[in-house]
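The values are calculated or read from the model by the stated rules, or taken from the named source; none is laboratory data. These numbers come from a predicted model, not from an experiment. Cβ sites come from the backbone with ideal geometry, for glycine too, and all protein chains shown count toward neighbours. With ligands, DNA and RNA removed, areas are computed over all heavy atoms of the protein, side chains included. Shrake-Rupley method; radii C 1.70, N 1.55, O 1.52, S 1.80 Å.
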Amino acid sequence: MSAEETGREVGGRVLISLAAFVVIVAGMKAAAPLLVPFLLALFITIVLAPVFDGLQRLGLPAGVALLAVIIALVLVVTLIGALMGNSLQDFLRAFPGYQARLQETVAGLLQWLEGKGLEVSTGTVRQYLDPGKAMVMVTGMLRGMGGLLTNGFLILITVIFLLLEASSFPDKWRVASGNAESSLADFRATARKINHYMGIKTLTSLATGIIIAGWLFLLGVDYPLLWGMLAFFLNFVPTIGSIIAAVPAVVLGLVQGGVSLALLVTAGYVAVNIGIGTFAEPRFMGRGLGLSTLVVFLSLVFWGWVLGPVGMLLSVPLTIAAKIVLEGHSGTRWLAVMLGPRVATRTADDTNPAGDPAV
């Protein structure tokens, strides 16, 4: 086969692969209403599976262990729904009043700037720096999270069946697949990484939400529980989640107490995110996620576009799973390397003591 024919064959494979990728992504986007609850149930199952197995190792029958796990999950979801639902409804009812007060506050700030000799166009501010638009965006996101709770029963039932199937899945796969042990090892590695990430992220997000809620309560900002819950959920969103979570509380502080209160609210968010996100979280994450910073950000944009807000929450676990799958095949291993962090490169000086090239 000539070089030209080989190039055409490779180009054809690339085009077919890209076309298949586009079709799969389009199908996922179209099926998002069905796919999102299933993915949430799957990741909840991965987090709960070690607890379920641990209870069985303690001597509890599988049915009793499953019942204990499900009761705990229902209690947690019910508590979150109660705390978030009441505050969210109250905030949505009061939102038009906050918008009107916000416009008055912004107009007052513009007049103050004009008094200092700085002329700022009101149209420019409304077009590029309108905090009301940020509040509307966050309100829409809160409504979406509230709507997700309506699928709670479907998610709960799916989690129950997934936990029941988890114990028998390896035996079924050994019978069905000729290369079962290798694929099972990849699956266990994926589950361990996702479980480690989700466990640490849940604890750090919980700490973030509690501290933020306490700080806002001390400052007298309205609905501190709601903003603490928002900080908890959006802490799962890499890079921009913490920034989005701070917007409504800062704007509300500006409306309630002016610039001084808004600055105090901002200082609290910055301190918490630096302390937990920069120091505590990387320490407990250990060697990290195995993903480059650019890939984490791009995965946030991609999965958010395909699956919506839940895709942003699950962007890192989904990308970790995809990377491990790519690592398992020689033809796609180069893609896994590109998704990973910086790798050490060898130089001509990397030799062993005997003088032979390093291996």
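Taking a ≥ b ≥ c as the square roots of the Cα gyration tensor eigenvalues, segment 162-283 comes out prolate, since a/c reaches at least 1.5 and a/b is larger than b/c.
Length gain on complete extension for the stretch Ile210 to Phe21, per 0.36 nm per residue less the alpha carbon to alpha carbon distance?
Net length gain for the segment: 63.9 nm.
For Val325, the shell of other residues with beta-carbons less than 15 Å away shows a net charge of +3, using +1 for Lys and Arg and -1 for Asp and Glu. Around Asp53, what is the net charge, scoring Lys/Arg as +1 and Asp/Glu as -1 over all other residues with Cβ under 15 Å from its Cβ? Once all neighbours under 15 Å are counted, the net charge is +2.
Phe43: net charge of surrounding residues, Cβ under 15 Å, Lys/Arg +1, Asp/Glu -1, itself excluded?
Values: positive: Arg192, Lys193, Lys201; negative: none.
Its environment carries a net charge of +3.
Across segment 5-68, counting alpha-carbon atoms alone, Rg and Dmax equal 21.3, 64 Å.
Find how much the distance from Glu181 to Glu104 grows on full extension, using 0.36 nm per residue of separation minus their present alpha carbon separation; answer in nm with one decimal.
Between Glu181 and Glu104, full extension yields 21.2 nm more.
When His196, His329 are compared by accessible area of protein heavy atoms, the largest-first order is His329, His196, using a 1.4 Å probe. Taking N as the residue count of segment 52-97, its C-alpha radius of gyration divided by 2.2 N^0.38 Å amounts to 1.88.
Given a 1.4 Å probe and every protein chain left where it sits, what share in percent of the accessible area of segment 221-268 is carbon and sulfur?
Result for segment 221-268: 79 percent of the exposed heavy-atom area is carbon or sulfur.
For Lys193, the solvent-accessible surface computed with a 1.4 Å probe is close to 90 Å², ligands and nucleic acids excluded.
The phi-based Karplus calculation (6.51 cos²θ - 1.76 cosθ + 1.60; θ = phi - 60°) puts the 3J(HN,Hα) values of segment 209-224 at x, 5, 5, 4, 4, x, 5, 5, 5, 5, 7, x, 6, 5, 6, x Hz, whole numbers, x for Gly and Pro.
Remark: segment 5-85 carries 61 Å² of accessible area per residue (probe radius 1.4 Å; ligands, DNA and RNA excluded). Heavy-atom accessible area with a 1.4 Å probe sorts Ile210, Ile320, Ile274, Ile80, largest first, into Ile210, Ile274, Ile80, Ile320. In the context of the full protein assembly, Glu181 retains an accessible surface of approximately 100 Å², using a probe radius of 1.4 Å and ignoring ligands and nucleic acids. Computed with a 1.4 Å probe on the full set of protein chains, the accessible area for Trp334 sits at about 150 Å².
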